[in-house]
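The values are calculated or read from the model by the stated rules, or taken from the named source; none is laboratory data. As the structure is a computational prediction, the values presented were derived from the model and not from experiment. Cβ atoms come from the backbone with ideal geometry, glycine included; neighbour counts cover every protein chain shown. Quick note on the areas: whole protein, heavy atoms, side chains included, nothing else; ligands and nucleic acids left out. Shrake-Rupley method; radii C 1.70, N 1.55, O 1.52, S 1.80 Å.
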Amino acid sequence: ISHTCAPAMRVTIKDIARAAGVSHTTVSRALRGSEEIRPETRARIQAIAEAMGYRPNPVARALQGRRTQTLGVVVTRLSDPFHTEVVQGIEMVAQARGYGILLSLSHEDPEKERAIVELLAAKQVDGIIVAASRLGSRYLPMLEALRIPIVLINSHQTGPYVYSVATDNVHGGYLAAAYLIRLGHRAIAYIGSRRGGRSNQDRYRGYRQALREAGLSVRPEWVVKGDGRVEGGEAAMRRLLEADPRPTAVFCYNDLTAIGALKAALRAGLRVPGDLSIIGFDGLEEGTYVTPMLTTVAQPRRQLGRLAAEMLLEILEGRPSPKRILLQGTLIERESCGPPL
C-alpha cells in the first residue's frame, strides 16, 4: 500500500495575521522591521512567524515592493587583492540581510563602467556599489535618469542619488611622508598612478603637505607615475634611479606599485632599507610575502565594503544615512623603511 503525503502548505502573511490577531499590513511591516510598528509588537509577530515556519517568497516580495533583493557591485578588476577584500565585506552584509549580489568588472574603462551601471539598473537591482569609480561627475545625469541609489567606494561625487565611503587618502599620504621624514629622510619621491584618479591626487596632496610642513620642496624629477600594478612600479622605479640626486625614500601609490619598486631597487643592487626606503599604501597581505616585508599605510578594506553595503541598505529601507563616510588609514611598520645612511 503506498501512501502519498500532501505537500506542507506554505505559511502566508495572512496566516500569521490571523494567529497574531492583527492586520495583514501590520504583519508585513513587522517582518520588514518597520519602525512604524512598536518594538514589542514587532518582536511578538516575528516570534509567531518563526514558530509557524514562515519563509518569505522572494519573488512575490520583489513584485510587491518592486524589489529584487539584489545589489549590483562594480569593481575594476579582481586580480587586485584590494577589491577582493572589499567585495568580501559587501557580501558579508548582503547575505546577512537576505540580499544577493551581481558582480561586474569594469577593467578601469570609464565607458564600460557606465554601460555596466546602466545594465545593472535595467536588471532592476535595488542599488549599486562601485569601487574606485572612473566616471566622476558623468555619473550624475545618468543617476538622475535611473533614479537608483549608488554608493561609491574611494570616490566622491555629490548628488541626490550618490553616497560614498572612502579612506581619507590625503591623511594617508600625509602619514606615509611624515613617517619617512621622522626617520630622517629629506629626499623623498612619490610614485603615483595614471589610473588612480582622485585617490592618486589626494595621496599626492598628503605627501606634499607633509613635505611642506617640514620645509622640504617637491622636486619634479622625484614625482613619476606607474599604473597601480607591479610592472608599472618597476618601470617607475627605474626612472627614479636615473635621477640626480637620487631620492633616499619613495612613497608609492599602492602596495602593488611598491612591490614593483622594491624589485627594481633590489635588481639595481640597492639595499632596502639601507640605500633606499620604500613605503606602500593599502596594507595588502602580499606585502608580507616580499623581502624585506613592506611598510605600508593600511586601508580598512573589508570595513569599506561592509559600510558601503550597510549604507546602501539603510537608504533602500528608508532610514537616515550620512551622504559620506570617511575612514582613517593606519601606518603598519614592517622592514622596508629605515633612516638614511
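Quick notes on this structure:
- Rolling a 1.4 Å probe over the heavy atoms of the protein chains gives the chain an accessible area of 48 Å² per residue.
- At the residue level, Leu120 shows approximately 10 square angstrom of accessible surface with a 1.4 angstrom probe and all protein chains present.
- Extension gain from Thr25 to Arg302, taking 0.36 nm per residue of separation minus the Cα-Cα distance: 96.0 nm
- Segment 224-300 - Rg over Rh from alpha carbon coordinates, Kirkwood radius: 0.94
- Amide H contacts of Ile325 (H built 1.01 Å from N, in plane; Pro and chain starts excluded): Ser164, Val165, Ala166 sit under 5 Å, all sequence-distant by 5 or more or on other chains.
- Kirkwood Rh, Cα atoms: Rg over Rh of segment 8-47: 0.97
- Theoretical gain in end-to-end length, Arg246 to Arg77 [0.36 nm per residue, Cα-Cα removed]: 57.5 nm
- Here the simple spin-label model places points 7 Å from the Cα toward Cβ, and for Ala214 and Glu111 these points are separated by 4.3 nm.
- For segment 102-108, 3J(HN,Hα) per residue [Karplus equation, 6.51 cos²θ - 1.76 cosθ + 1.60, θ = phi - 60°, Hz, x = Gly/Pro]: 10, 9, 9, 10, 9, 6, 6
- Label sites at Gln124 and Ile332, each approximated as a point 7 angstrom past Cα along Cα to Cβ, lie 4.3 nm apart.
- Correct option for Rg and Dmax of the Cα atoms in Å [calculated from the coordinates] among [x] 20.8, 66; [y] 25.4, 95; [z] 24.7, 86: [y]
- Across segment 229-240, coupling constants 3J(HN,Hα) worked out from phi with the 6.51/-1.76/1.60 Karplus curve, θ = phi - 60°, read 10, 4, 4, x, x, 4, 4, 5, 5, 4, 5, 5 Hz, and Gly and Pro carry x.
- Two-site FRET efficiency, Arg55 against Lys323, from Cβ-Cβ distance with R₀ of 30 Å, rounded to 0.05: 0.25
- With contributions of -39500 (n - 2.57) from each DSSP H run of at least four residues, the per-residue ellipticity at 222 nm computed over the chain stands at -13000 deg cm²/dmol.
- In sequence order, calculated HN-Hα J values of segment 20-31 (Karplus, 6.51, -1.76, 1.60; Hz; x Gly/Pro): 8, x, 10, 7, 4, 5, 4, 4, 4, 5, 5, 6
- Residues whose amide H falls under 5 Å from that of Gly127, counting only those 5 or more places apart or on a different chain, are Gly72, with hydrogens built in the peptide plane.
- Beyond 29 Å in Cα-Cα separation lie the following of the pairs Lys112/Lys323; Lys112/Lys263; Lys112/Lys225: Lys112/Lys263.
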